[in-house]
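*Asks:* The structure's right below; bear with me while I get my questions together.
The values are calculated or read from the model by the stated rules, or taken from the named source; none is laboratory data. A quick note: this is a predicted structure, and the numbers were derived from the prediction, not measured. FYI the Cβ positions are ideal-geometry reconstructions off the backbone, even for glycines, and counts take in every protein chain you see. We work out accessible area using only protein heavy atoms, side chains counted, and drop any ligands, DNA or RNA first. Shrake-Rupley method; radii C 1.70, N 1.55, O 1.52, S 1.80 Å.
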Amino acid sequence: MLDFNRNHFELFGLRPAFRLSREQIDRAYREIQTEIHPDRFAHAGEAEQRLAMQWTARVNEAYATLREPFERARYLLELHGVQAMDARNTAMPADFLMQQMAWREQLETAKGKSDINALQRLEQAVRGEAEALERELAELLDERHDYGRAAETLRKYRFLDKLLVEIEAAYDEIDG
Amino acid sequence: MALLQIAEPGQSTAPHEHRLAVGIDLGTTNSLVATVRNGIAVVLNDEHGRSLLPSVVRYSPDGSVQVGYEAQAQASADPHNTIISAKRFMGRGIKDLPDAATLPYHFVDAPGMVQIRTAAGVKSPVEVSAEILKVLKRRAEASLGGELIGAVITVPAYFDDAQRQATKDAARLAGLNVLRLLNEPTAAAIAYGLDNAAEGIYAVYDLGGGTFDISILRLTRGVFEVMATNGDSALGGDDFDRRIYCWILEQAGLHAITDHDKALLLAKAREAKEMLSEQPSVRITAVLSGGELIDLTLTEDAFNDMTESLVAKTLLPCRKALRDAGLKPADVKGVVMVGGSTRIPRIQAAVGEFFGQTPLNNLDPDKVVALGAAMQANVLAGNKGQDDWLLLDVVPLSLGIETMGGLVEKIIPRNSTIPLARAQEFTTYKDGQTAMMIHVVQGERELVSDCRSLARFELRGIPPMVAGAARVRVTFQVDADGLLSVTAREMSTGVEAHIEVKPSYGLTDEEVARMLQDSYTHASEDMAARNLAEARVDGQRLAEATRSALAADGEALLTAEERAAIESLIATLERALAGNDLKAIKQAADALNQGTVEFAASRMDASVRRALTGHRLEEIDV
Ligand SMILES: Nc1ncnc2c1ncn2[C@@H]1O[C@H](COP(=O)(O)OP(=O)(O)O)[C@@H](O)[C@H]1O
Ligand SMILES: [Mg+2]
């Protein structure tokens, strides 16, 4: 019997790894939805329609987790019993924090001046660093299985992820 | 509530009968109804061969109602009682209508949604919309020769929960069974995508009379996946008309004018705008009620200048939607143009420039939404087989609840795929706190006061604990119509509260039932007979669905006893269906539904498994 509570990777028929391409995840998602979406059961009995709805909500939730690198890594760590975002784990290397502060300052300046070009430069720099951290995460999680260090890297990654969200918001703000 | 043909007892509907279902584009300016006939989607015309129904409703003192062209013709003669663009008022309070003072209506500020005082009494926008839907329903039933089992009604993708709920209420009030609320750009994408066997990333730019939507979709082998949507539910061709109208007043040195003259000049403005899509300049002439003569010439250049900011206003949501989808304009393979206002040459040029390509105009921008809705209605009515397309749509605006200090905690971010459920835990902030107020809001801003308030409810009966000890889990559930319901539950005690998020003006089921009952009494139809007919068709449908499920998977998934038990429940239901006892039919149907829960679960499991085997081997052991 299929278990509603199997983990997201099992549900999608994917190996539990960080290094998954967006195409792999998207394809698995579409294939499952094609079978279980409530619209497929428009003509079925009530029980099946209700189940289809529950399954689809469940699959959408899994998809939202798997497709975002941050959420995927956090979830993988959770499966290995590591709560990466535990509030007690707040220590960060000083140079990393300095870099964060510098970037935040740049963000404020760009926003203040409505300077789209500066914002784009900042975004590029942050994305570059985020990608480097993603590579590191992949190695720590998938090859070395060093979950303690992966959690540290993920906490750094989270800073960048949040910064990118703020950069997006800044674009919206500048656009009016 | 399905409204169906009344069949004689024992006379069962043929097993694979074509079910009559329609798609309705309930537009701000124009509405249409379409259906799939012999596999092809067609718009249904009125008896004069016209496909569009102007979304205009006129109320007369004797209570009679005119809808469409007839009503439109009276707009300037009777501006107070002729409701134009009622869609702009759906789910909106008076404070949401910045231009309320300039409109000719006598608004009544009711809680949640404005109402309008007319010669036939106070009407809510829901009732006005229901009048339009009733006409389209009659048109469809006359043309298809039977009663509809249901309709897909389209809404702007950027409609919030209140606007969607209002639309659904209007449909119920018109006696329509809503198969689905479908986003307009998504409907257009279905019609376009299926016609052109399109694959890749497409943008749908829909500028109608009163709303603007942009949706970015990915089309992959029969899956239509909305990646992001954005828009402005108060921007459209009407705004272009007003720019011209203001220009006329300025040029003619007019200040105070009567509502009659205003309606007249707005109509002239719209006419001029539409002509400018075909020619470089247009002459505007009118005689006002005081005898003043208006005679002006408007050039396309002047028109473009005065509307430049409106055009720019549509590009901002385009940028945002692309950003949300993580794409650049160059990633977009085609831009489908929808809505009458995309005929404006300057819009075509601006959209082309933004996306770096010539927009696609090969489908009639007036009809494409209704056609797509009809195609989806056909699927949802069960008229098609397994290899249909699949739609994956999103919520347009983030949903959240109010937390300390008037801040919003987002629970469901915008552009999340529906249907979905998501829970978050909150706690009490005072010692001994026994109740928790839950304020549900929708929008992107951080402050509650900047978002739309959808509902407030209270979870009571939390046992007194120290602050921070209670664990209140709030679950948001968004269904396939994009409508939200919220449940709150204290985890240690199980105390629970639940609401369908219905804005305070939302019609209760009883109100709708009463209104429908009234209209049946007038039509001297028998409610009891209809209830029986509906239950019978639902029962037949269920028996049929269960039989085909047994045929497909009974062998593989059930023991002989389990199968026999289900078959006996079907037999009981079929005996009840042959009789006239409403209660017996309902009971037998309930019993069958109950009795197949496990079988249904096994079938779902099998479906999921089937989905997995497709790609499992190649990917599991890479
Ligand atoms: N040829 C045209 N040129 C410019 N605008 C047009 C033209 N034809 C229709 N429109 C405008 O399109 C709008 C109606 O579009 P439609 O898609 O029917 O709207 P809705 O979806 O809001 O009902 C009106 O504002 C109308 O003036
Ligand atoms: Mg429209």
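*Asks:* Taking strands (runs of 3 or more DSSP E) that do not extend beyond the stretch B:380-469, which have at least 3 residues that are open to solvent by 60 Å² or more (accessible area, probe 1.4 Å) and β-branched (V, I, T)?
*Replies:* none
*Asks:* Could you check, for the stretch B:506-517, whether at least one of its residues is more than 24 Å from the chain's Cα centre (by Cα), at pLDDT below 85 and more than 14 Å from chain A (Cβ to nearest Cβ)? Even if it seems obvious, please write down each step before you answer.
*Replies:* Step one: of the stretch B:506-517, the residues more than 24 Å from the chain's Cα centre (by Cα) are B:517.
Of the ones still in play, those that are also at pLDDT below 85 are B:517.
Next, from what is left, pick out any that are more than 14 Å from chain A (Cβ to nearest Cβ): B:517.
Yes, some residue in the stretch B:506-517 is more than 24 Å from the chain's Cα centre (by Cα), at pLDDT below 85 and more than 14 Å from chain A (Cβ to nearest Cβ).
*Asks:* Which one is nearest to ligand 1 (Cβ to nearest atom) among residues in the stretch B:179-208 that are crowded, with 21+ Cβ neighbours inside 10 Å and among the β-branched types (V, I, T)?
*Replies:* Residue satisfying both the conditions and the ranking: B:V204.
*Asks:* State whether the residues of the stretch B:389-412 include one that is within 14 Å of chain A (Cβ to nearest Cβ) and modelled with pLDDT under 90.
*Replies:* Taking every residue of the stretch B:389-412 in turn, at least one turns out to be within 14 Å of chain A (Cβ to nearest Cβ) and modelled with pLDDT under 90.
*Asks:* Another question about this same structure. Against the definition (modelled with pLDDT of 90 or more and within 35 Å of the chain's Cα centre (by Cα)), how does B:L558 come out, yes or no? Please lay out each step first, then the result.
*Replies:* Values: modelled with pLDDT of 90 or more: yes; within 35 Å of the chain's Cα centre (by Cα): no.
No; evaluated as a whole, the condition is false for this residue.
So that you can scan it fast, the table gives a plain yes or no per residue for (1) buried (at least 22 other Cβ atoms within 10 Å of the Cβ); (2) more than 16 Å from ligand 2 (Cβ to nearest atom); (3) at pLDDT 95 or above:
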{"position": "B:S31", "(1), (2), (3)": "yes, no, yes"}
{"position": "B:D46", "(1), (2), (3)": "no, yes, yes"}
{"position": "B:R50", "(1), (2), (3)": "no, yes, yes"}
{"position": "B:G112", "(1), (2), (3)": "no, yes, no"}
{"position": "B:Q115", "(1), (2), (3)": "yes, yes, no"}
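*Asks:* Something else about it: Only residues that are closer than 30 Å to B:A591 by Cα and of a type in the set (K, R): list them for the stretch A:42-95, please. Before you say what the answer is, go through the steps one by one.
*Replies:* Of all residues in the stretch A:42-95, those closer than 30 Å to B:A591 by Cα come to A:42-59.
Passing the criteria: A:R50, A:R58.
*Asks:* Condition first: open to solvent by 10 Å² or more (accessible area, probe 1.4 Å) and in a helix (DSSP H, G or I). Can you find one or more residues in the stretch B:360-373 that meet it?
*Replies:* First, the residues of the stretch B:360-373 that are open to solvent by 10 Å² or more (accessible area, probe 1.4 Å): B:360-367, B:371.
Restricting the remaining residues to those that are in a helix (DSSP H, G or I) gives B:371.
Scanning the stretch B:360-373, I find at least one residue that is open to solvent by 10 Å² or more (accessible area, probe 1.4 Å) and in a helix (DSSP H, G or I), so the answer is yes.
*Asks:* Scan the stretch B:324-343 residue by residue and report those that are outside any loop (DSSP other than H, G, I, E, B) and open to solvent by 50 Å² or more (accessible area, probe 1.4 Å). Can you show your working first?
*Replies:* Taking the stretch B:324-343 first, the residues outside any loop (DSSP other than H, G, I, E, B) are B:324-325, B:329-331, B:334-338, B:340-343.
Of everything in the stretch B:324-343, those that are outside any loop (DSSP other than H, G, I, E, B) and open to solvent by 50 Å² or more (accessible area, probe 1.4 Å) turn out to be B:D324, B:A330, B:D331, B:R343.
*Asks:* Another question about this same structure. So which residues in the stretch B:361-379 are more than 16 Å from ligand 1 (Cβ to nearest atom) and closer than 18 Å to B:I201 by Cα?
*Replies:* B:N362
*Asks:* Only residues in the stretch B:203-224 that are without any contact (Cβ under 8 Å) to a residue 24 or more places away in the chain count as the first member; pair them with residues that are more than 12 Å from ligand 1 (Cβ to nearest atom) and assigned to a strand (DSSP E or B), Cβ under 6 angstrom, at least 6 apart or cross-chain, and list the lot.
*Replies:* B:R218/B:I201; B:R218/B:E225; B:R218/B:M227
*Asks:* Scan the stretch B:224-239 and give yes if some residue there is of a type outside the set (S, T, N, Q), open to solvent by 20 Å² or more (accessible area, probe 1.4 Å), in a helix (DSSP H, G or I) and touching a helix residue (DSSP H, G or I) at 6+ places or on another chain (Cβ under 9 Å), otherwise no.
*Replies:* Step one: of the stretch B:224-239, the residues of a type outside the set (S, T, N, Q) are B:224-228, B:231-232, B:234-239.
Remaining after also requiring open to solvent by 20 Å² or more (accessible area, probe 1.4 Å): B:227, B:232, B:234, B:238-239.
If we keep only those that are in a helix (DSSP H, G or I) too, we end up with B:238-239.
If we keep only those that are touching a helix residue (DSSP H, G or I) at 6+ places or on another chain (Cβ under 9 Å) too, we end up with B:238-239.
The answer is yes; a qualifying residue exists.
*Asks:* Something else now. Being under 27 Å from B:E444 (Cα atoms) and either open to solvent by 50 Å² or more (accessible area, probe 1.4 Å) or of a type in the set (D, E, K, R) (or both) is the requirement here; does B:R346 meet it?
*Replies:* Numbers: under 27 Å from B:E444 (Cα atoms): no; either open to solvent by 50 Å² or more (accessible area, probe 1.4 Å) or of a type in the set (D, E, K, R) (or both): yes.
It is false that B:R346 is under 27 Å from B:E444 (Cα atoms) and either open to solvent by 50 Å² or more (accessible area, probe 1.4 Å) or of a type in the set (D, E, K, R) (or both).
*Asks:* Filter the stretch B:324-350 down to residues that are closer than 24 Å to B:T220 by Cβ and more than 16 Å from ligand 2 (Cβ to nearest atom), then give me how many there are.
*Replies:* Narrowing the stretch B:324-350 to residues closer than 24 Å to B:T220 by Cβ: B:324-338.
In the following step, the residues that additionally are more than 16 Å from ligand 2 (Cβ to nearest atom) were identified as B:324-335.
Residues in the stretch B:324-350 being closer than 24 Å to B:T220 by Cβ and more than 16 Å from ligand 2 (Cβ to nearest atom): 12 in total.
*Asks:* Hey, among the residues in the stretch B:349-359 that are touching a Pro at 6+ places or on another chain (Cβ under 9 Å) and open to solvent by 30 Å² or more (accessible area, probe 1.4 Å), which one's farthest from the other protein chains (Cβ to nearest Cβ)?
*Replies:* Filtering the stretch B:349-359 down to residues touching a Pro at 6+ places or on another chain (Cβ under 9 Å) leaves B:351-352, B:354-357.
Those still in the list that are open to solvent by 30 Å² or more (accessible area, probe 1.4 Å) too: B:354, B:356-357.
On the way: B:F354: 13, B:G356: 18, B:Q357: 22 Å.
Once the filter is applied, the top-ranked residue is B:Q357.
*Asks:* Tell me whether the stretch B:106-119 contains one or more residues that are within 17 Å of B:T258 (Cα to Cα), of a type outside the set (K, R) and in contact (Cβ under 8 Å) with a residue 12 or more places away in the chain. Spell out how you get there, then give the answer.
*Replies:* Kept after step one, since they are within 17 Å of B:T258 (Cα to Cα), are these residues of the stretch B:106-119: B:106.
Of the ones still in play, those that are also of a type outside the set (K, R) are B:106.
Those left that are additionally in contact (Cβ under 8 Å) with a residue 12 or more places away in the chain: B:106.
Within the stretch B:106-119, one or more residues are within 17 Å of B:T258 (Cα to Cα), of a type outside the set (K, R) and in contact (Cβ under 8 Å) with a residue 12 or more places away in the chain.
*Asks:* Considering the stretch B:63-78 alone, what residues qualify as being open to solvent by less than 60 Å² (accessible area, probe 1.4 Å) and among the charged types (D, E, K, R)?
*Replies:* The answer is B:D78, and nothing else.
*Asks:* Only one of B:L254, B:L296, B:L310 is more than 16 Å from ligand 2 (Cβ to nearest atom), under 25 Å from B:I84 (Cα atoms) and away from chain A (no Cβ under 14 Å); which?
*Replies:* Values: B:L296 fails: under 25 Å from B:I84 (Cα atoms); B:L310 fails: away from chain A (no Cβ under 14 Å).
After ruling out the rest, the residue left standing is B:L254.
*Asks:* Among the candidates B:S85, B:S55, B:S76, which residue alone is over 24 Å from B:D169 (Cβ atoms), touching a helix residue (DSSP H, G or I) at 6+ places or on another chain (Cβ under 8 Å) and among the polar types (S, T, N, Q)?
*Replies:* Details: B:S85 fails: over 24 Å from B:D169 (Cβ atoms); B:S55 fails: over 24 Å from B:D169 (Cβ atoms).
From the options B:S85, B:S55, B:S76, the qualifying one is B:S76.
*Asks:* Can you name the residue in the stretch A:3-19 that is in a helix (DSSP H, G or I) and within 16 Å of A:N60 (Cβ to Cβ) and, of all such residues, is modelled with the lowest pLDDT?
*Replies:* First, the residues of the stretch A:3-19 that are in a helix (DSSP H, G or I): A:8-12.
Retained after the next criterion (residues that are within 16 Å of A:N60 (Cβ to Cβ)): A:8-9, A:11-12.
Details: A:H8: 94, A:F9: 94, A:L11: 89, A:F12: 92.
Ranking the qualifying residues of the stretch A:3-19, first place goes to A:L11.
Each row is one residue, and each column tells you yes or no for (1) out of contact with any Lys or Arg (no Cβ under 8 Å at 6 or more places or on another chain); (2) touching a residue at least 40 places away in the same chain (Cβ under 8 Å); (3) among the hydrophobic types (A, V, I, L, M, F, W, C).
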| site | (1), (2), (3) |
| --- | --- |
| B:L557 | no, yes, yes |
| B:A578 | yes, yes, yes |
| B:Q587 | yes, no, no |
| B:G595 | yes, no, no |
| B:R603 | yes, yes, no |
| B:R610 | yes, no, no |
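*Asks:* Out of all the residues in the stretch B:209-216, is one or more modelled with pLDDT of 95 or more, out of contact with any Ser or Thr (no Cβ under 7 Å at 6 or more places or on another chain) and either open to solvent by 20 Å² or more (accessible area, probe 1.4 Å) or of a type in the set (F, W, Y) (or both)?
*Replies:* no
*Asks:* Still on this structure, please answer the following. Among B:S309, B:S281, which is exposed (fewer than 12 other Cβ atoms within 10 Å of the Cβ), more than 11 Å from ligand 1 (Cβ to nearest atom) and over 23 Å from B:Q74 (Cβ atoms)?
*Replies:* Numbers: B:S281 fails: exposed (fewer than 12 other Cβ atoms within 10 Å of the Cβ).
Of the residues listed, the single one that is exposed (fewer than 12 other Cβ atoms within 10 Å of the Cβ), more than 11 Å from ligand 1 (Cβ to nearest atom) and over 23 Å from B:Q74 (Cβ atoms) is B:S309.
*Asks:* A:R6 passes all but one of (1) more than 7 Å from every other protein chain (Cβ to nearest Cβ); (2) open to solvent by less than 10 Å² (accessible area, probe 1.4 Å); which number fails?
*Replies:* (2)
*Asks:* Here are B:A497, B:A470, B:A488: which of them is at pLDDT below 85, touching a strand residue (DSSP E or B) at 6+ places or on another chain (Cβ under 8 Å) and small (G, A, S)?
*Replies:* On the way: B:A470 fails: at pLDDT below 85; B:A488 fails: at pLDDT below 85.
None of the others qualify; the one that does is B:A497.
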